[in-house]
Amino acid sequence: MIDAGHIYAGTLETWATILTVAATAVAGDVLTAGAMRRIGDLDLIRAKSGLGGAIRAVISSPMFLLGVLSMAVSFFSLLFTLSNVELSLAAPASASLTFMGNAFAAKIFLKENVNRRRWLAALFVCAGVFLLSK
Amino acid sequence: MKHTLSPRRYLILLAVMLTASVGDTLLSHGMTQVGPVTMARLGMLLVALRNPWVITGILCLLGFFASYLTALSWADLTFVLPATAFGYVVVAFLAKYWQHETITVYRWAGILLIVCGVGFVANGPSLTEHKPQHATDDSAREGGAAGTGGTQ
């Protein structure tokens, strides 16, 4: 017999894990993007200092390392989610939330010019990802 | 100044979208073989790291990460991310023509929306202009520091 309490708890846990994946992914994306902005164009650094120099420039940035830590948490949260929630729900839901979260976070923290064109892109991609799961 | 991308940089964006979608697909396949991971059996996550599909997926995602970081060093986050979404379209086409899966009307509509979304940002500038500040000094200093011992 199906218990309504268990269904509610299951749904709550499902969305909590999906939200965790999205929130940590947004933190990781914004931190790494901020770090890459501070470091500068990797193509130029590689041309000047070689691949080793470019790698050194990246991994010596504390902001980048913090971003990687957030991404690692997001990755293990995704593995955890995928083992409990159907891929057709988990992947598009977390991806859509991440897209919208990133648009807000990029505007607030990275001061990116998120103009109407980029908001529309985020919304279209968000809706498109959801439709793909149908 | 309008930032536009060279063909080489579009190739890097292509690598970002392909490696991400293929890596996710491989991870998903691997995790279905590993089985459910619960709070009581979190050690299963380490077991998952020995699955060949998960390992190949992780290698693909490492390739994704390298190309993603390169793209972020010359383009905005809100420019790069919609481009990565184009990988979903690639997966849908692979599913139809390689795995012979049926693509529903909803999915075609989703593909159309993503293509439109990517088109919106692809035609715009790739990087927000910021007034010169400490960031420029930081990048010059870090690039210079890297250059002292980084020629390999």
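The values are calculated or read from the model by the stated rules, or taken from the named source; none is laboratory data. Since the structure is predicted, the reported quantities are computational estimates derived from the model, not experimental observations. Using ideal geometry, Cβ is built from the backbone for each residue, glycine included, and neighbour counts are taken over all protein chains shown.
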Inset, instruction - Could you tell me which residue of region B:97-126 is farthest from the other protein chains (Cβ to nearest Cβ), considering only residues that are surrounded by 14 or more Cβ atoms within 10 Å (Cβ to Cβ) and at pLDDT below 75? - result: B:Ser126
Inset, instruction - Provide a single number: the residues in region A:31-56 that are farther than 12 Å from B:Ser73 by Cα and surrounded by 23 or more Cβ atoms within 10 Å (Cβ to Cβ). - result: 3
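Okay, residues lined up against (1) touching a residue at least 12 places away in the same chain (Cβ under 8 Å); (2) farther than 23 Å from A:Gly128 by Cβ:
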residue: B:Phe65; (1), (2): no, yes
residue: B:Leu69; (1), (2): no, yes
residue: B:Thr78; (1), (2): yes, no
residue: B:Ala83; (1), (2): yes, no
residue: B:Val90; (1), (2): yes, no
residue: B:Tyr97; (1), (2): no, no
residue: B:Glu101; (1), (2): no, no
residue: B:Thr104; (1), (2): no, no
residue: B:Arg107; (1), (2): yes, no
Legend entry - Of the criteria (1) at pLDDT 80 or above; (2) assigned to a helix (DSSP H, G or I); (3) crowded, with 18+ Cβ neighbours inside 10 Å, which one A:Phe76 fails: (3)
Inset, instruction - Hey, could you check region A:114-134 for residues that are basic (Lys, Arg) and without any contact (Cβ under 8 Å) to a residue 12 or more places away in the chain and say which is farthest from the other protein chains (Cβ to nearest Cβ)? - result: A:Arg116
Legend entry - Sole exception among (1) buried (at least 22 other Cβ atoms within 10 Å of the Cβ); (2) closer than 30 Å to A:Asp43 by Cβ for B:Leu61, by number: (1)
Inset, instruction - Kindly indicate which of B:Ala92, B:Ala20, B:Ala83 is more than 21 Å from A:Ser83 (Cβ to Cβ), among the aliphatic types (A, V, I, L, M) and more than 9 Å from every other protein chain (Cβ to nearest Cβ). - result: B:Ala83
Inset, instruction - Inspect all residues belonging to region A:50-65 and state whether any of them is more than 18 Å from B:Gly63 (Cα to Cα), of a type in the set (A, V, I, L, M, F, W, C) and in contact (Cβ under 8 Å) with a residue 24 or more places away in the chain. - result: yes
Inset, instruction - Give the residue, chosen from B:Ser6, B:Ser67, B:Ser28, B:Ser21, that is within 18 Å of B:Gly119 (Cα to Cα) and among the hydroxyl-bearing types (Ser, Thr, Tyr). - result: B:Ser6
Inset, instruction - Of the conditions (1) farther than 21 Å from A:Thr11 by Cβ; (2) facing chain B (nearest Cβ under 7 Å), A:Val68 clears all except one; give me its number. - result: (2)
Inset, instruction - Scan (1) on the phi > 0 side of the Ramachandran plot; (2) under 19 Å from the mean Cα position of the chain (by Cα); (3) not basic (Lys, Arg) for the single condition A:Gly50 breaks and write down its number. - result: (2)
Inset, instruction - Filter region A:100-119 for residues that are farther than 14 Å from A:Gly28 by Cβ and either in contact with a Phe, Trp or Tyr (Cβ under 6 Å, 6 or more places away or on another chain) or in a helix (DSSP H, G or I) (or both) and give the result. - result: A:Met100, A:Ala103, A:Phe104, A:Lys107, A:Ile108, A:Arg116, A:Arg117, A:Arg118, A:Trp119
Inset, instruction - Output the residues belonging to region A:54-65 that are within 9 Å of chain B (Cβ to nearest Cβ) and in a helix (DSSP H, G or I). - result: A:Ala54, A:Ile55, A:Arg56, A:Ala57, A:Val58, A:Phe64
Inset, instruction - Tell me, yes or no, whether region B:22-31 has at least one residue that is in contact with a Pro (Cβ under 9 Å, 6 or more places away or on another chain) and surrounded by fewer than 14 Cβ atoms within 10 Å (Cβ to Cβ). - result: no
Legend entry - Residues located in region A:92-113, provided they are crowded, with 22+ Cβ neighbours inside 10 Å, at the interface with chain B (Cβ under 7 Å from one of its Cβ atoms) and over 10 Å from B:Gly117 (Cβ atoms): A:Asn102, A:Ala103, A:Ala106, A:Glu112
